[in-house]
Ligand SMILES: [Fe+2]
Ligand SMILES: [Fe+2]
Ligand SMILES: [Fe+2]
């Protein structure tokens, strides 16, 4: 029902060279594309895939952090973590709504997540093993997300760009809060310092992997750049992240677990060791420690909640019928 | 000391219930509830923090909110039994919330007249929050009670399971009685009429009946709990207790 007016949404529209050319001109002129505007089918599909993945990442991301809500070591931290996880759920909700403007329903996207057809950020397939991981996730994972998402505030698709503006504000709050948790640990007892370092050791490389494969190996990059869905390449964003994060770790007295990390005066950035791409692809393919548990937990929430959703629908139906009978 | 103990009872009610709701986080039946339940948990935990802090001040031994929350064991916790009941399913969770909020709302309204300024302050904020909890949980009790056959059966199970914990809400411990006599806290028994009215209204629409309760459970105010609270506290306090004296 959302798809009328979307060129190609039903696969029937001809994408003539003139149409594609006119569309590209709008993009180049930094025009925002809105849901009812004509758009190439590939553009629509790319956005559905990307926004859907982003939404799923917010939702699945609630699980590793939710794992520590009941153990947060102070009431202040417990409240802040609850609020953070709630924010992530809110991000999921805006993003599903943005994707719905392109003609896919939230139910459909949810089913694709549960069946394994849709992906989410692999970072959430790593387990949270200590309280420090809550700090590290805020600092590095929200930090990396911001690097990815700030350019998306200027994405050519209007609803996505607008959702990102609101989301980015909250993500940067999460990043600061996470850093503050780690700072407290880094200035704490020996055991707390060790907890912080151990956590950084486990999350550093997966955080770098969040930017995706090297530019040469990234299948969707070129077209997305041309359509201004993406503004920087994976490697550019990764470099920015490293350059911003290394001094933060140094300030805390924590050691980045990369012996090859070195300042490169000439390029004005850090050189770093090679990412273990076997691990990256392995986790993407489903072999991360938590892949199965994450999907199982999401599916269980969905399945166990089915009777609640059915009851809500049935009740609304009864209400409507009673109201009609009364009129 | 009586006021200190009475405030702890109240703070424990809020923390324990807030903790229970927070256990749903990421596992709610729909995304909208994954946003609504943390709101309620945050309200409750927020109130508990103010109350712990105030209790600590009045005691005057330098105990912080975290000392009070994290270093007392299950025999020291003074919450009523209703709030520690496990989540079970969404019907139980919403009914537990409704029962508690239907009590706390008039309680906080009355506590706005407290002789203690901190209690007055928290009461003003908390009564608004409790009005929202009544609305939110009450709407769900209605939807589920008058939804499908399955949801109605689950709702009736929840009523059956939780109604035996209601009377304890209205009992004042000796500490509470002293705090009430001193004008710090309102009398719990005074909330019964309002509670009955709220529940009757919701149950009427939800097609539910409040059952006869031949034997009501109590004991929470003396630290006599169900077996579940010890597990909840063991989990909640694990990190804090593993690192004595650490700052977080
Ligand atoms: Fe987020
Ligand atoms: Fe995000
Ligand atoms: Fe975030």
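The values are calculated or read from the model by the stated rules, or taken from the named source; none is laboratory data. For clarity, every value in this text was computed on a predicted model and none was experimentally measured. FYI the Cβ positions are ideal-geometry reconstructions off the backbone, even for glycines, and counts take in every protein chain you see.
Of (1) more than 27 Å from the chain's Cα centre (by Cα); (2) loosely packed, with under 14 Cβ neighbours inside 10 Å, residue A:300 satisfies all except one. Which?
(1)
Filter segment A:272-327 down to the residues that are assigned to a loop (DSSP other than H, G, I, E, B) and in contact with a helix residue (DSSP H, G or I) (Cβ under 8 Å, 6 or more places away or on another chain), then identify the one that is farthest from the other protein chains (Cβ to nearest Cβ).
Applying the first criterion (assigned to a loop (DSSP other than H, G, I, E, B)) to segment A:272-327 yields A:272-276, A:288-290, A:305, A:327.
Okay, now just the ones that are also in contact with a helix residue (DSSP H, G or I) (Cβ under 8 Å, 6 or more places away or on another chain), so A:272, A:275-276, A:288-290, A:305.
Numbers: A:272: 31, A:275: 29, A:276: 29, A:288: 18, A:289: 18, A:290: 13, A:305: 2 Å.
The selected residue is A:272.
Within the group A:152, A:140, A:113, A:95, which residue is assigned to a helix (DSSP H, G or I), closer than 25 Å to residue A:289 by Cβ and within 16 Å of ligand 3 (Cβ to nearest atom)? Can you show your working first?
Working: A:152 fails: closer than 25 Å to residue A:289 by Cβ; A:113 fails: within 16 Å of ligand 3 (Cβ to nearest atom); A:95 fails: closer than 25 Å to residue A:289 by Cβ.
The conditions single out A:140.
For residues that are buried (at least 23 other Cβ atoms within 10 Å of the Cβ) and within 14 Å of ligand 1 (Cβ to nearest atom), tally how many sit in segment A:64-83.
The qualifying residues number 4.
Just checking, which of A:134, A:123 is under 29 Å from residue A:242 (Cβ atoms), within 16 Å of ligand 1 (Cβ to nearest atom), out of contact with any strand residue (DSSP E or B) (no Cβ under 6 Å at 6 or more places or on another chain) and within 14 Å of another protein chain (Cβ to nearest Cβ)?
After ruling out the rest, the residue left standing is A:134.
Within the group B:234, B:216, which residue is at pLDDT 95 or above, in a helix (DSSP H, G or I) and over 16 Å from the mean Cα position of the chain (by Cα)?
Being at pLDDT 95 or above, in a helix (DSSP H, G or I) and over 16 Å from the mean Cα position of the chain (by Cα) holds for just one of B:234, B:216, which is B:234.
Restricting attention to segment B:16-35, and to residues there that are part of a helix (DSSP H, G or I) and within 9 Å of chain A (Cβ to nearest Cβ), which single residue is nearest to residue B:230 (Cα to Cα)?
Among them, the one singled out is B:19.
For residue A:52, all conditions in the list (1) surrounded by fewer than 24 Cβ atoms within 10 Å (Cβ to Cβ); (2) within 13 Å of the chain's Cα centre (by Cα); (3) more than 10 Å from every other protein chain (Cβ to nearest Cβ) hold save one; what is the number of the exception?
(1)
Return the residues of segment A:24-49 that are out of contact with any strand residue (DSSP E or B) (no Cβ under 8 Å at 6 or more places or on another chain) and part of a helix (DSSP H, G or I); say none if nothing qualifies.
A:24, A:25, A:28, A:41, A:42, A:44, A:45, A:46, A:48, A:49
Working only within segment A:163-185, note down all residues that are farther than 25 Å from residue A:132 by Cβ, surrounded by fewer than 18 Cβ atoms within 10 Å (Cβ to Cβ) and touching a residue at least 40 places away in the same chain (Cβ under 8 Å).
A:166
Quick check on segment A:70-91. Is at least one of its residues more than 23 Å from residue B:246 (Cβ to Cβ), more than 14 Å from ligand 3 (Cβ to nearest atom) and part of a helix (DSSP H, G or I)?
No, the conditions are met nowhere in segment A:70-91.
Any residue at all in segment A:125-140 that's within 11 Å of ligand 2 (Cβ to nearest atom) and within 15 Å of the chain's Cα centre (by Cα)?
The answer is no, given that none of the residues of segment A:125-140 is within 11 Å of ligand 2 (Cβ to nearest atom) and within 15 Å of the chain's Cα centre (by Cα).
From the set of residues in segment A:86-96 that are away from ligand 2 (no atom under 12 Å from the Cβ) and surrounded by fewer than 24 Cβ atoms within 10 Å (Cβ to Cβ), which is nearest to the other protein chains (Cβ to nearest Cβ)?
Out of the qualifying residues, it is A:86.
Any idea which of A:144, A:196 is more than 14 Å from ligand 1 (Cβ to nearest atom), touching a residue at least 24 places away in the same chain (Cβ under 8 Å) and touching a helix residue (DSSP H, G or I) at 6+ places or on another chain (Cβ under 8 Å)? Show your work before the answer.
Values: A:144 fails: more than 14 Å from ligand 1 (Cβ to nearest atom).
Selected residue: A:196, the only one of A:144, A:196 that is more than 14 Å from ligand 1 (Cβ to nearest atom), touching a residue at least 24 places away in the same chain (Cβ under 8 Å) and touching a helix residue (DSSP H, G or I) at 6+ places or on another chain (Cβ under 8 Å).
Mind counting the residues in segment A:156-190 that are over 22 Å from residue A:38 (Cα atoms), within 16 Å of ligand 2 (Cβ to nearest atom) and away from chain B (no Cβ under 14 Å)?
12
Residue by residue through segment B:36-53, note down the ones that are more than 21 Å from residue B:95 (Cβ to Cβ), facing chain A (nearest Cβ under 9 Å) and buried (at least 22 other Cβ atoms within 10 Å of the Cβ). Explain how you work it out, then say what you get.
Taking segment B:36-53 first, the residues more than 21 Å from residue B:95 (Cβ to Cβ) are B:46, B:48-53.
Within this subset, residues satisfying the condition of being facing chain A (nearest Cβ under 9 Å) are B:46, B:48-49, B:52.
Once the filter is applied, which keeps residues that are more than 21 Å from residue B:95 (Cβ to Cβ), facing chain A (nearest Cβ under 9 Å) and buried (at least 22 other Cβ atoms within 10 Å of the Cβ), segment B:36-53 yields B:48, B:49, B:52.
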